[in-house]
1. Residue 73 passes all but one of (1) open to solvent by less than 20 Å² (accessible area, probe 1.4 Å); (2) part of a loop (DSSP other than H, G, I, E, B); which number fails?
2. Tell me, yes or no, whether segment 111-124 has at least one residue that is touching a His at 6+ places or on another chain (Cβ under 8 Å) and within 22 Å of residue 24 (Cβ to Cβ).
3. For segment 77-85, does any single residue satisfy the condition of being open to solvent by less than 50 Å² (accessible area, probe 1.4 Å), without any contact (Cβ under 8 Å) to a residue 60 or more places away in the chain and touching a helix residue (DSSP H, G or I) at 6+ places or on another chain (Cβ under 9 Å)?
4. Return the total of residues in segment 87-133 being touching a Leu at 6+ places or on another chain (Cβ under 6 Å), open to solvent by less than 20 Å² (accessible area, probe 1.4 Å) and not in a helix (DSSP H, G or I).
5. Where residues in segment 134-153 are of a type in the set (Val, Ile, Thr) and either under 15 Å from the mean Cα position of the chain (by Cα) or not in a helix (DSSP H, G or I) (or both), which of them is farthest from residue 7 (Cα to Cα)?
6. Assess whether residue 31 counts as being open to solvent by 60 Å² or more (accessible area, probe 1.4 Å), outside any loop (DSSP other than H, G, I, E, B), closer than 29 Å to residue 148 by Cα and out of contact with any Ser or Thr (no Cβ under 7 Å at 6 or more places or on another chain).
7. Go through (1) without any contact (Cβ under 8 Å) to a residue 12 or more places away in the chain; (2) under 18 Å from residue 23 (Cβ atoms); (3) exposed (fewer than 13 other Cβ atoms within 10 Å of the Cβ) for residue 151 and report which single condition fails.
8. Filter segment 49-98 for residues that are of a type in the set (Phe, Trp, Tyr) and at pLDDT 90 or above and give the result.
Amino acid sequence: MSVTDKTGIVEFAKGLEKEGFEIVSTGGTFKALVEGGVKAISIEDVTGFPEILDGRVKTLHPKVHGGLLYRRDDPKHVETIKEMNITPIDLVCCNLYAFDKALEKGADLPEMVENIDIGGPSMIRSAAKNFKDVFIVSDPADYSDVLDAIHNNTADLKFRMNLAYKAYSKTAAYDTMISHYFEEQLKK
């Protein structure tokens with residue numbers, strides 16, 4: 001879990017815990033979850049590497065992306081994960097830095113650049129690529145449906161693909177917004 005918009009995140013995490021999920025989280029999300037009574041694990045405890053460069057690097061790690069991208073039906077992938085001591089990651093809950101909010105307030109270029117999320121889109125894309133095995137939850141509005149699907153074992157391929165569709169739509173819109181921002185800066 002790594003979210004900028006923390007709406008409903010504690011309740012979602014508690015619901016996942018009830019379904020047997022172990023919660024791993026980053027920085028501010030980790031703090032919010034622990035304060036909310038969730039037994040979260042810091043991403044640093046998973047990667048064995050601290051967040052660095054003012055949080056610019058925290059989830060860009062093989063222990064994260066290997067756990068997301070390995071194909072559960074490929075024996076070579078499964079063996080590699082075991083050999084590398086990588087824990088499977090079956091759900092990613094991630095929304096992106098608020099570039100749009102910084103844009104709305106007219107932030108200067110350095111602040112705009114710091115509001116460009118790198119690790120979030122990478123995790124979203126990794127999870128969405130492996131949607132068959134990994135839930136990608138990029139919108140707080142989906143928390144209840146995801147919990148219901150997990151609880152009732154109704155998360156079929158179409159349900160998962162719909163989450164991936166939403167995730168790719170979000171990252172595409174996010175990248176387009178950033179691209180347009182830079183285009184406008186070049187016109188000045």
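1. (1)
2. Checked segment 111-124: at least one residue is touching a His at 6+ places or on another chain (Cβ under 8 Å) and within 22 Å of residue 24 (Cβ to Cβ).
3. Yes, the conditions are met somewhere in segment 77-85.
4. So the answer is 2.
5. Of everything passing the filter in segment 134-153, 134 is farthest from residue 7 (Cα to Cα).
6. Criteria met by residue 31.
7. Unmet condition: (1).
8. 70
The values are calculated or read from the model by the stated rules, or taken from the named source; none is laboratory data. This one's a predicted model, so the numbers in the text were calculated from it and none came from an experiment. Positions of Cβ are backbone-derived with ideal geometry, glycine not excepted, and every protein chain shown enters the neighbour counts. Just so you know, the surface numbers come from the protein's heavy atoms only, side chains and all, with ligands and any DNA or RNA stripped out. Shrake-Rupley method; radii C 1.70, N 1.55, O 1.52, S 1.80 Å.
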